[in-house]
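Visitor: First the structure, which I've put down as structure tokens, then a few questions once you've had a look.
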Amino acid sequence: MWEYTDKVQQHFLEPKNVGEIENPSGTGDVGSLACGDALKLTLKIDENDIIVDAKFKTFGCASAIASSSVLTEIIKGMSVDEAAKVTNEDIAEALGGLPKEKMHCSVMGREALEAAIADYRGLVPPMAEGELVCE
Ligand code: FES
Ligand code: FES
């Protein structure tokens, strides 16, 4: 049995920012080859490059839901440049830690963020190159 922190349980039971933004400024659609799960992150970014809204949808496990939920909270209010520096360790840390078998689920959140920012910047999302790296 994996040990989940209270924060993980909270975000799993009452995830924040579930859904999809209409006419998003950037969309990140990623999937994990290791577990077959998927995550879609949509961002609303204002004219000053500030992320004013973020929503997610996932077919993922409890850790993916909690990671996505806390990720939307972390990045809201950040500039795109700041958000681009958020790592999957930051996500896990904001949850008070994840079991190490579940760290890859936070990687999926990080990949979705990277893809959404690339989409916003008009770049080819990194997923186009292939696969999410799950350790
Ligand atoms: Fe599939 Fe966590 S997202 S195991
Ligand atoms: Fe679940 Fe990597 S195996 S996200």
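Visitor: Which condition does LYS57 not pass, out of (1) modelled with pLDDT under 95; (2) outside any helix (DSSP H, G or I), if it passes all the others?
Guide: Every condition holds for LYS57 apart from (1).
Visitor: Something else about it: Mind listing whichever residues of the stretch 69-94 are part of a loop (DSSP other than H, G, I, E, B) and touching a strand residue (DSSP E or B) at 6+ places or on another chain (Cβ under 9 Å)?
Guide: Answer for the stretch 69-94, where residues must be part of a loop (DSSP other than H, G, I, E, B) and touching a strand residue (DSSP E or B) at 6+ places or on another chain (Cβ under 9 Å): LYS76, GLY77, MET78.
Visitor: What number goes with the only condition from (1) assigned to a strand (DSSP E or B); (2) closer than 23 Å to GLY97 by Cα that ILE51 does not pass?
Guide: Here ILE51 clears every test but (2).
Visitor: Residues of the stretch 112-126 being within 13 Å of ligand 2 (Cβ to nearest atom) and modelled with pLDDT under 95, which ones? Write out each step before concluding.
Guide: Within the stretch 112-126, the first condition is being within 13 Å of ligand 2 (Cβ to nearest atom), and the residues that meet it are 112.
If the condition is that a residue be within 13 Å of ligand 2 (Cβ to nearest atom) and modelled with pLDDT under 95, then no residue fits.
Visitor: Quick one: how many residues across the stretch 2-45 are within 16 Å of ligand 1 (Cβ to nearest atom), part of a loop (DSSP other than H, G, I, E, B) and closer than 14 Å to GLU114 by Cα?
Guide: 0
The values are calculated or read from the model by the stated rules, or taken from the named source; none is laboratory data. Since the structure is predicted, the reported quantities are computational estimates derived from the model, not experimental observations. Every residue, glycine as well, gets a Cβ built from its backbone with ideal geometry; the counts of neighbours run over all protein chains shown.
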